[in-house]
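Engineer: This is the structure I want to talk about, given as structure tokens.
The values are calculated or read from the model by the stated rules, or taken from the named source; none is laboratory data. Since this is a predicted model, take the numbers as computed values, not measurements. With ideal geometry, Cβ positions are generated from the backbone for all residues, glycine too; neighbour counts draw on all protein chains shown. SASA here: full protein model, heavy atoms, side chains in, ligands and nucleic acids out. Shrake-Rupley method; radii C 1.70, N 1.55, O 1.52, S 1.80 Å.
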Amino acid sequence: MPPTIAPPVARSRPTAGGFATGAWPTVLGVALIALLITALVWRTGTDGSPTGLVHLYYLPIVYLAAFVGRGAAATLAVLAGLAAGPLMPVAGVIDLARLGGQPVGEWAVRMTLLVVVGVVVAWFARQQPRSPELVLRDRRFARALRGAVASGRVTAHFQPVIDLADGRVVGVEALCRWTDAAGRSIPPSEFIPLAERTGVIGVVGARVLDLAVREAERWATGRDAAPSVAINVSAAQLSDPGFPAELAAVVAASSLDPRSLCLEITETAIIADPQAALATVEAARGMGLSIALDDFGTGQSSLAYLAEFPIDIVKIDKSFVDEVDRDERTRGLVRAIVDMAEAIGATTIAEGIERPAQLAALRALSCRFGQGYLLGRPCVADEVDLSPRRFAQQVPAQRGAAARALDPR
Ligand code: C2E
Ligand code: MG
Ligand code: MG
């Protein structure tokens, strides 16, 4: 039976405070509906004809749509629509003699209108306030980024992942880079969120996947144990039902063993659409790819995801690694993450190792793999150093089923 996944935090909706905090689309939507209601009440409230009071049904529907959501609004709209047929007052009086006497067509139109209003207001209520300048800036940005992908100015750097037991390079992570028209290098932290917002992330992700697979093929040539290659997957890709097919096509067109590819996903990306994310992750796993949970411990961490998602690797976020050699509590947390990962059959990669003392602490905590400037900075594919690193002292290798995700020896 597929697991049921409930996001730990409900998707944010405007609360009553939404009006006060400037959720102007909600205010605008509600104001428009209020105007419509007034106009309808005004127009239809003449003697003998059905009174416009029936349009007051819109008020609770609009309220539910704005503050609870589409489902509640649609339910009430249908109920109101049904009631508005037989129980529609004429000239302010509910005339039971008319029960069922409504022309069906009129009744259906009224009900459809109520539902449409509920859905439209709910949609408005979910929009984030955005200024016209921001919209224009996003458009310019999207055009520039698409142009950069088309002209090959979006590339990837690769950072080695090291086995902390023996210093071998077991993998590399592909990290996106954008050189703009002026030759400046724009870091992914600046353009990935914008690429997500403007929908350009699809072409960026496809470009990085293509580059990563090409380099992985090259590294695999003539090597018994080629490094696996990890790519970062955005929330939009993770919840895109077409992404697994795209992935399958790229893998099929290459000579690469899919087991040497890894998808790095984040908790934040999962939360965007947990069911769709699970479908993507299971499809990728079915093809043979491994799955890493990136930046672990920084998102809206929910252990439910560890239980419900097939995760092979937990990447311990740099914020823990920063203090692991200095702070006893952080050390305890890292130990707990390593144990937890082991308990679910996953292995761990520590991110952002910069100092020898951090490396020593992580090795002592049995963290299996590591990444960071100390072990190798991200660089162009040709410059990645795949030779084993030498450590001052050897720590006994702690092999387990989990470590095989990165090291199938
Ligand atoms: P991430 O996947 O957690 O990648 C690790 C980031 O930490 C990289 O930053 C890397 O250059 C940096 N890093 C590695 N070792 C060290 C270290 O020892 N010290 C310090 N200070 N930093 C270190 P980068 O390349 O700027 O990427 C930032 C984030 O952007 C990535 O975090 C990832 O979430 C996202 N990203 C990068 N490439 C892609 C991509 O192709 N697609 C998507 N969707 N996201 C990407
Ligand atoms: Mg990553
Ligand atoms: Mg990370």
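Engineer: So which pairs qualify, if the first residue must be in segment 277-298 and among the polar types (S, T, N, Q), the second must be part of a helix (DSSP H, G or I), the Cβ gap must be under 7 Å, and the two must be at least 6 apart or on different chains?
Structural biologist: 280/238; 280/243; 280/244; 290/405; 298/319
For (1) surrounded by fewer than 21 Cβ atoms within 10 Å (Cβ to Cβ); (2) at pLDDT below 95; (3) assigned by TED's automatic domain parsing to the domain that holds residue 215; (4) not acidic (Asp, Glu), each residue gets a yes or a no:
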position	(1), (2), (3), (4)
343	yes, yes, yes, yes
346	no, no, yes, yes
349	no, no, yes, yes
354	yes, no, yes, no
366	yes, no, yes, yes
379	yes, no, yes, yes
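Engineer: Go through (1) touching a Leu at 6+ places or on another chain (Cβ under 7 Å); (2) of a type in the set (Val, Ile, Thr); (3) away from ligand 1 (no atom under 14 Å from the Cβ) for residue 324 and report which single condition fails.
Structural biologist: For residue 324, the exception is condition (3).
Engineer: Filter segment 226-243 down to residues that are touching a Ser or Thr at 6+ places or on another chain (Cβ under 6 Å) and in contact (Cβ under 8 Å) with a residue 40 or more places away in the chain and give me whichever is farthest from residue 284 (Cα to Cα).
Structural biologist: It comes out as 228.
Engineer: Take the residues in segment 254-276 that are in a loop (DSSP other than H, G, I, E, B) and not small (Gly, Ala, Ser); name whichever of them is nearest to ligand 1 (Cβ to nearest atom).
Structural biologist: The residue in question is 273.
Engineer: Follow-up. So which of 206, 212, 174, 216 is closer than 30 Å to residue 387 by Cα and either open to solvent by 10 Å² or more (accessible area, probe 1.4 Å) or part of a loop (DSSP other than H, G, I, E, B) (or both)?
Structural biologist: None of the other options fit; the residue is 206.
Engineer: Another question, then. Filter segment 286-326 down to the residues that are farther than 18 Å from residue 342 by Cα and not hydrophobic (A, V, I, L, M, F, W, C) and list them by number.
Structural biologist: Those that are farther than 18 Å from residue 342 by Cα and not hydrophobic (A, V, I, L, M, F, W, C): 286, 288, 298, 299, 300, 318, 319, 322, 323, 325, 326.
Engineer: Which one of these is in the same structural domain as residue 297 (by TED's automatic domain parsing) and within 21 Å of the chain's Cα centre (by Cα): 209, 256, 164?
Structural biologist: Just one listed residue meets the conditions, 209.
Engineer: Cβ-Cβ below 7 Å, separation at least six or inter-chain, first residue in segment 214-225 and under 15 Å from residue 171 (Cβ atoms), second modelled with pLDDT under 95 and assigned to a helix (DSSP H, G or I): which pairs?
Structural biologist: Taking only residues 6 or more apart or on different chains, the pairs are 216/260; 220/260.
Engineer: Oh, and also: Would you mind finding the one in 284, 279 that is in a helix (DSSP H, G or I) and under 19 Å from residue 230 (Cβ atoms)?
Structural biologist: Checking each option against the conditions leaves just 284.
Engineer: Among the listed residues 272, 292, 277, identify the single one that is within 16 Å of the chain's Cα centre (by Cα), open to solvent by less than 20 Å² (accessible area, probe 1.4 Å) and within 20 Å of residue 203 (Cα to Cα).
Structural biologist: On the way: 272 fails: open to solvent by less than 20 Å² (accessible area, probe 1.4 Å); 292 fails: within 20 Å of residue 203 (Cα to Cα).
The match here is 277.
Engineer: While we're here: If residue 249 meets every condition in (1) open to solvent by 10 Å² or more (accessible area, probe 1.4 Å); (2) within 16 Å of ligand 2 (Cβ to nearest atom); (3) assigned to a helix (DSSP H, G or I) apart from one, which number is that one?
Structural biologist: Evaluating residue 249 over (1) open to solvent by 10 Å² or more (accessible area, probe 1.4 Å); (2) within 16 Å of ligand 2 (Cβ to nearest atom); (3) assigned to a helix (DSSP H, G or I) leaves (2) as the failure.
Engineer: While we're on this one: Just to be sure I understand, how many residues within segment 123-143 are at pLDDT 75 or above and either touching an Asp or Glu at 6+ places or on another chain (Cβ under 8 Å) or under 22 Å from residue 57 (Cα atoms) (or both)?
Structural biologist: 1
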